[in-house]
């Protein structure tokens, strides 16, 4: 799915950025604290989640005022202004009514909107959400009146503000702990933070939201409501979901195993998202793995440990940021899909071996210009495309071993790939047979002849 066009709704002299994608019943998505509707599409975890939603629903989402691509505010917006922003986006998108989906504190706005404008809400979906400050305080206060848990949670939010854009590990450890060791994801979260708001702006956003409260309005919500909660969420406890379910008439509560407040970064994200799709459409998507012939590319940076030592952590991380963005751009340009990042490299899939080899050559040249050595392994074969967006199989394992055999940098391909590209303009050098770990026979490998860097 192509990244959708960014458009703007005008309200109170400000512009609210929004976009629309997919086909199916209409859903208006109210974002959580952090968002940038353009940058969201850059990371494979977000991209596959948005693409899966768009395969079943027509989604309209936006950046709240003060965040992402929307205009900043000088004074904290009132409830009426926030409600006005939502109606302005719906009007601009031509939505008379829609299912309203709110994640985290976006769920609080969804509750208030459903109470204020029931005629514009068909259904309500709340994901890892809460009912506002009074309810948040209640579920964090112990029966004996102790507020220690609440104080600790406020401390985590303050730490998040202090580290904003500078140390994204704090954000990931708090909101997506299952990805704490995913270095590429941590780097990207830093970029998302910086492209969403400054530290001061995010603090003002948190404080403005803290003044909102839907507790007294919950009984007024009369539309079918689904409450989705990750059981191990460190940000919003399960008690908040139960609080909502007990007070919204007829609400359905579904809980899922996991630890991440950002639920779709978990390996089991499809189970939760498919529950939402079924609630909106009445049909649950099939979560079946398929087998297909793909050309697999593994990349890895040569000498990353040495690079860190020579440049220092900060400079090296900036270089890796460039590496990540170049990989994304080149994958898109050569009709490839990033399956996942691997810290200092990536796993990608392509429909055509010529596209895969062209990507590998372009990536190698681009990294050389940055002073980075890159090695790439390429193989074509049948793989299993899993429901969670990952892939497995013999072909993927072989591509990984070929990349590891390319220890001095460059692009190595299997004989399968070289044979498929016979007669074209691509030139290979026979590197002989290699014994690859985990394979019971040698594989003949070929090095791609690379043009000298310009």
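The values are calculated or read from the model by the stated rules, or taken from the named source; none is laboratory data. All values reported here derive from a predicted model rather than from experimental measurement. Ideal geometry is used to build each Cβ from the backbone, glycine not excepted, and the neighbour counts take in all protein chains shown.
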Going through (1) under 32 Å from the mean Cα position of the chain (by Cα); (2) touching a residue at least 40 places away in the same chain (Cβ under 8 Å); (3) surrounded by fewer than 13 Cβ atoms within 10 Å (Cβ to Cβ) one by one, residue 375 fails only at (3)
When region 415-454 is checked residue by residue, the ones that are under 23 Å from residue 366 (Cα atoms) and in a strand (DSSP E or B) are 428, 429, 446, 447, 448
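Determine if region 303-321 includes at least one residue that is more than 24 Å from the chain's Cα centre (by Cα), in contact (Cβ under 8 Å) with a residue 60 or more places away in the chain and outside any helix (DSSP H, G or I).
Here is the first cut: in region 303-321, the ones more than 24 Å from the chain's Cα centre (by Cα) are 303-313, 315.
Filter once more, so that each one left must be in contact (Cβ under 8 Å) with a residue 60 or more places away in the chain: 303, 307.
If we keep only those that are outside any helix (DSSP H, G or I) too, we end up with 303.
Looking for residues that are more than 24 Å from the chain's Cα centre (by Cα), in contact (Cβ under 8 Å) with a residue 60 or more places away in the chain and outside any helix (DSSP H, G or I), one finds at least one in region 303-321, hence yes.
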Conditions (1) within 26 Å of the chain's Cα centre (by Cα); (2) assigned to a helix (DSSP H, G or I) -> residue 150 fails only (1)
| Do we have residue 410 as more than 27 Å from the chain's Cα centre (by Cα), under 15 Å from residue 300 (Cβ atoms) and in the same structural domain as residue 320 (by TED's automatic domain parsing) here? | yes
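Could you grab me the full set of residues in region 345-360 that are under 24 Å from residue 451 (Cβ atoms) and surrounded by 20 or more Cβ atoms within 10 Å (Cβ to Cβ)?
Of the residues in region 345-360, the ones under 24 Å from residue 451 (Cβ atoms) are 345-346, 348, 350, 352-360.
Matches in region 345-360: 345, 346, 348, 350, 353, 356, 357, 359, 360.
Every residue, every condition in (1) in contact with a helix residue (DSSP H, G or I) (Cβ under 7 Å, 6 or more places away or on another chain); (2) part of a strand (DSSP E or B); (3) not assigned by TED's automatic domain parsing to the domain that holds residue 125, yes or no:
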site: 16; (1), (2), (3): yes, yes, no
site: 19; (1), (2), (3): no, yes, no
site: 32; (1), (2), (3): yes, no, no
site: 37; (1), (2), (3): no, no, no
site: 41; (1), (2), (3): yes, no, no
site: 47; (1), (2), (3): yes, no, no
site: 61; (1), (2), (3): no, yes, no
site: 65; (1), (2), (3): yes, no, no
site: 70; (1), (2), (3): no, no, no
Q) Taking the condition touching a residue at least 24 places away in the same chain (Cβ under 8 Å), within 22 Å of residue 326 (Cβ to Cβ) and under 27 Å from the mean Cα position of the chain (by Cα), does residue 391 pass? A) no
Checked region 113-135 for anything surrounded by 23 or more Cβ atoms within 10 Å (Cβ to Cβ) and either outside the structural domain of residue 65 (by TED's automatic domain parsing) or in a helix (DSSP H, G or I) (or both); matches are 113, 114
**Prompt:** Is it fair to say residue 223 is under 30 Å from residue 411 (Cα atoms) and surrounded by 13 or more Cβ atoms within 10 Å (Cβ to Cβ)?
**Reply:** no
